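Chemist: Have a look at the structure that comes next, please.
The values are calculated or read from the model by the stated rules, or taken from the named source; none is laboratory data. Values in this document were obtained by computation on a predicted structure and should not be read as measured data. A quick note on method: Cβ atoms are made from the backbone with ideal geometry, for glycine too, and the neighbour counts reach across all protein chains shown.
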Amino acid sequence: MAAQGGIVRFLSCGSVDDGKSTLIGHLIHLTGNLHDDQLRTLQEESSRIGTAGGALDYSLLMDGLMAEREQGITIDVAYRYFACEGRKFIVADTPGHEQYTRNMATGASQCSAAIILVDACQGVLPQTRRHALICSLMGIRRLLFVVNKMDRAGWQLPVYRTVEQQCADLAEGLQRFGLPPAALKVVPVSALLGDNLSLISPRMPWYQGPTVLSWLLRLPAESVAADAPLRLPVQYVIKLSRSGSSWQKGVPERLKTAAAGTYRAYAGVIASGGVRQGDPLLVLPGGQAVTVQGIWCGKRQLDQATEGMSIALTVSGEHDIQRGDCIVAGKDRPELADRFKVRLVWMDEAPLYAGRHYLFRGVGGVAAAEVTRLRNRIELGSYQRLACDRLDQNDIGDAELALSRSIAFDPYLKNRETGGFVLIDRFTNATAACGLILHALRRAENIHWHVEDIGQQERSALKRQKPCVVWMTGLSGSGKSTLANAVERRLAEEGRHTMLLDGDNLRHGLNKDLGFTEADRIENIRRIGEVAKLMTEAGLIVITAFISPYRSERDIVRNLLPHGQFIEVHLATPLEVCEARDPKGLYRKARSGEIPNFTGIDAPYEEPEDPELRIDTSSQTVEECAAVVCARLGRQ
């Protein structure tokens, strides 16, 4: 068979010890891409530890752990390269452990095909199903299930047929996520001994399908379509003086000679499509129409550039183009939206709940993001979408996302670069999830801010006071409601306009549908925060009394309000004092197991790290504590 030229990127994945690295190592050796010194190292290592039947253990050389020892680094995804019959291959050898699912997802996002290994003696495992699902979600439409270790299974056809049927059932479930029915192939192999890798094995005469190598050679090569729409995210704005000497800080050295003699250039990596001098383009989200004047790659000026190239563009006229904007083809522009339905691979140890805030990072830059709703979780056993109120680590599910600004995007299956993103924890800067934009929510286009004639400033002036939220947080029994009442009484006597929001009272009305699980507590605080914000818009001083145990949820409310209008008051009364008071008998019931998820007993309370006020009600009277709070308000 004549092989096609070009480059193919494929993924190698599967459960732990299914033989991924051995398979890739053997393929590289068979295609003649193993250097003599590497082969000698492999033979020496194999002789030193001994291998079954005298076979070479190719995983010794190819496994990422060996590369880590050699290079002194940690490798998440080991990329390998080999060539055969004019075809070049880049393989992402990903770890099989469940805790490294994030690394497998990263590798899958860059590949067009996948080899998923299955141990013939164990069959399809949950991690196999998770990897196959991620491959399908990431847009991989060609899967090869390699049933490995047939030597250990005695080369038996019934063993293979059992695993083959499991793979077929798995693929049938994947069809609802876009996998074509004909995309799946299954081949029995021994990666250690080389059976069915490049030649049909005489030890399995009952199999006459493709070998692993012939399947790879039949894959269509990756190419850049001439008519793909241009997507150039602006990563750097390069500013030059008229003399060409004043550069913006932070620009890579290789770009500092680009566009010499111009006033401003816009640099980035072309995510898709191509661009020529003179092309009419649009800049989103602003919608400015521009014409390409120059294309620079390092010191060279080009007539055109294509996908994957790092370039700097100069355009006609003076425009306010910023980092995070996207330069696109005028005739095939992406969508603009700030609300989306997305699919998430959750990576954080802390579970995801609706209402929590993160940083959204995509090719269009960074934006604040709120997960407004969890739609479902995809169950691995059946690939059914199940209702849920949380996503745990390595779960996959659908959610709705609201951003702080509109971004230019394409659905992920149309363009991986402009449709993919990550969510970042705002406090730890850890990657919490990788995500795919499925589509914009139409209501994002139909809902607009109504400009009011009277605003907070005028309402506050009428009341002759500065609005704010006094957010009292602390354990049950710390004195929040008592102190809130005392503070409001003093403010009323001073002629201030106030409103008191008490946690128990609101659970009789606005929040009567919520319980005390972590998800319900988050939604409880989210609603209260929005209500408190509306009341400050009316010019009121709002006093709240809520346990509000999580820092992240209190910070959500703080971020809703202008700077200085959120006053966090931590009632730092010791737990033993609160439990001794126990005015509602709640601690006694919690200790006996009658009340689950009780803060301070079997649910956490995260103390404020830097509140505006910290008060211990066990060492001061109510009047003294109220005076402290009112004195703080007097400095507003």
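Chemist: Would you please list the contacts, defined by Cβ atoms under 9 Å and residues six or more apart or on different chains, that run from a residue in the range 142-168 that is more than 26 Å from ARG218 (Cα to Cα) to a residue that is in a strand (DSSP E or B) and of a type in the set (A, V, I, L, M, F, W, C)?
Modeler: Filtered contacts from the range 142-168: ALA153/VAL147; VAL159/VAL147.
Chemist: Considering only the range 559-573, I want to know if a residue exists there that is without any contact (Cβ under 8 Å) to a residue 60 or more places away in the chain, buried (at least 16 other Cβ atoms within 10 Å of the Cβ) and either of a type in the set (Ser, Thr, Tyr) or assigned by TED's automatic domain parsing to the domain that holds GLY477 (or both).
Modeler: At the first step, the residues of the range 559-573 found to be without any contact (Cβ under 8 Å) to a residue 60 or more places away in the chain are 560, 562-563.
Right, trim to buried (at least 16 other Cβ atoms within 10 Å of the Cβ) and you get 560.
Then drop every residue that is not either of a type in the set (Ser, Thr, Tyr) or assigned by TED's automatic domain parsing to the domain that holds GLY477 (or both), which leaves 560.
Looking for residues that are without any contact (Cβ under 8 Å) to a residue 60 or more places away in the chain, buried (at least 16 other Cβ atoms within 10 Å of the Cβ) and either of a type in the set (Ser, Thr, Tyr) or assigned by TED's automatic domain parsing to the domain that holds GLY477 (or both), one finds at least one in the range 559-573, hence yes.
Chemist: Now for a separate question. Looking only at the range 125-176, count every residue that is assigned to a loop (DSSP other than H, G, I, E, B) and among the β-branched types (Val, Ile, Thr) and tell me the total. Break it down into steps so the answer makes sense when it comes.
Modeler: Filtering the range 125-176 for residues assigned to a loop (DSSP other than H, G, I, E, B) gives 125, 138-142, 149-156.
Next, from what is left, pick out any that are among the β-branched types (Val, Ile, Thr): 140.
Total satisfying the criteria: 1.
Chemist: From the list GLY515, GLY529, GLY539, which one is under 34 Å from the mean Cα position of the chain (by Cα) and surrounded by 15 or more Cβ atoms within 10 Å (Cβ to Cβ)? Let's see the steps before the verdict.
Modeler: Working: GLY515 fails: surrounded by 15 or more Cβ atoms within 10 Å (Cβ to Cβ); GLY539 fails: under 34 Å from the mean Cα position of the chain (by Cα).
The unique qualifying residue is GLY529.
Chemist: Hey, any hits in the range 600-618 for a residue that's in contact with a Phe, Trp or Tyr (Cβ under 7 Å, 6 or more places away or on another chain), modelled with pLDDT under 85 and either part of a loop (DSSP other than H, G, I, E, B) or outside the structural domain of GLU488 (by TED's automatic domain parsing) (or both)?
Modeler: Taking every residue of the range 600-618 in turn, none turns out to be in contact with a Phe, Trp or Tyr (Cβ under 7 Å, 6 or more places away or on another chain), modelled with pLDDT under 85 and either part of a loop (DSSP other than H, G, I, E, B) or outside the structural domain of GLU488 (by TED's automatic domain parsing) (or both).
Chemist: In this structure, is ALA440 surrounded by fewer than 18 Cβ atoms within 10 Å (Cβ to Cβ), over 24 Å from ARG614 (Cα atoms) and either among the aliphatic types (A, V, I, L, M) or touching a helix residue (DSSP H, G or I) at 6+ places or on another chain (Cβ under 9 Å) (or both)? It would help to see each step written out before you state the result.
Modeler: Working: surrounded by fewer than 18 Cβ atoms within 10 Å (Cβ to Cβ): no; over 24 Å from ARG614 (Cα atoms): yes; either among the aliphatic types (A, V, I, L, M) or touching a helix residue (DSSP H, G or I) at 6+ places or on another chain (Cβ under 9 Å) (or both): yes.
So ALA440 does not fit the description; no.
Chemist: Kindly indicate whether SER460 is surrounded by 16 or more Cβ atoms within 10 Å (Cβ to Cβ) and in contact with a Ser or Thr (Cβ under 6 Å, 6 or more places away or on another chain). Write out each step before concluding.
Modeler: Values: surrounded by 16 or more Cβ atoms within 10 Å (Cβ to Cβ): yes; in contact with a Ser or Thr (Cβ under 6 Å, 6 or more places away or on another chain): no.
It is false that SER460 is surrounded by 16 or more Cβ atoms within 10 Å (Cβ to Cβ) and in contact with a Ser or Thr (Cβ under 6 Å, 6 or more places away or on another chain).
Chemist: Let me ask something else about it. Please find, among ALA532, ALA519, the residue that is assigned by TED's automatic domain parsing to the domain that holds GLU606, at pLDDT 90 or above and either farther than 19 Å from THR599 by Cα or not polar (S, T, N, Q) (or both).
Modeler: Details: ALA519 fails: at pLDDT 90 or above.
When all the criteria are applied, what remains is ALA532.
Chemist: Mind listing just one residue for me: the one in the range 469-508 that is within 39 Å of the chain's Cα centre (by Cα) and part of a helix (DSSP H, G or I) and, of those, nearest to GLY564 (Cα to Cα)?
Modeler: LYS480
Chemist: What are the pairs with Cβ atoms under 9 angstrom where one residue, in the range 286-297, is more than 15 Å from VAL234 (Cβ to Cβ) and assigned to a strand (DSSP E or B) and the other, located anywhere, is at pLDDT 85 or above and among the hydroxyl-bearing types (Ser, Thr, Tyr)? Sequence gap at least six, or different chains.
Modeler: Partner pairs satisfying both residue conditions: GLN293/THR314; GLY294/THR314; CYS297/SER310.
Chemist: Considering the range 313-340 alone, what residues qualify as being in contact with a helix residue (DSSP H, G or I) (Cβ under 7 Å, 6 or more places away or on another chain) and modelled with pLDDT of 90 or more?
Modeler: The answer is ARG339, and nothing else.
Chemist: What's the number of the only condition in (1) at pLDDT 85 or above; (2) more than 18 Å from CYS578 (Cα to Cα); (3) out of contact with any helix residue (DSSP H, G or I) (no Cβ under 9 Å at 6 or more places or on another chain) that VAL629 fails to meet?
Modeler: Here VAL629 clears every test but (3).
Chemist: Kindly evaluate PRO210 against the criterion of being modelled with pLDDT of 90 or more, outside any helix (DSSP H, G or I) and either outside the structural domain of MET104 (by TED's automatic domain parsing) or in contact with a helix residue (DSSP H, G or I) (Cβ under 8 Å, 6 or more places away or on another chain) (or both). Walk me through it before giving the result.
Modeler: Numbers: modelled with pLDDT of 90 or more: yes; outside any helix (DSSP H, G or I): yes; either outside the structural domain of MET104 (by TED's automatic domain parsing) or in contact with a helix residue (DSSP H, G or I) (Cβ under 8 Å, 6 or more places away or on another chain) (or both): yes.
So PRO210 fits the description; yes.
Chemist: Considering only residues of the range 603-636 that are among the β-branched types (Val, Ile, Thr) and in contact with a Ser or Thr (Cβ under 7 Å, 6 or more places away or on another chain), which is surrounded by the most Cβ atoms within 10 Å (Cβ to Cβ)? Spell out the reasoning first.
Modeler: Our first condition is that a residue be among the β-branched types (Val, Ile, Thr); within the range 603-636, this holds for 615, 617, 621-622, 628-629.
Then keep just the ones that are in contact with a Ser or Thr (Cβ under 7 Å, 6 or more places away or on another chain); that gives 617, 622.
On the way: THR617: 22, VAL622: 14.
It comes out as THR617.
Chemist: Still on this structure, please answer the following. Residues of the range 595-636 being under 17 Å from HIS570 (Cα atoms), under 32 Å from the mean Cα position of the chain (by Cα) and not β-branched (Val, Ile, Thr), which ones?
Modeler: Answer for the range 595-636, where residues must be under 17 Å from HIS570 (Cα atoms), under 32 Å from the mean Cα position of the chain (by Cα) and not β-branched (Val, Ile, Thr): GLY600, PRO604, TYR605, GLU606, GLU607, PRO608, GLU609, ASP610, PRO611.
Chemist: Determine which member of the set ASP17, ASP36 is touching an Asp or Glu at 6+ places or on another chain (Cβ under 8 Å) and either at pLDDT 50 or above or farther than 20 Å from ASN148 by Cβ (or both). Show your work before the answer.
Modeler: Numbers: ASP36 fails: touching an Asp or Glu at 6+ places or on another chain (Cβ under 8 Å).
Being touching an Asp or Glu at 6+ places or on another chain (Cβ under 8 Å) and either at pLDDT 50 or above or farther than 20 Å from ASN148 by Cβ (or both) holds for just one of ASP17, ASP36, which is ASP17.
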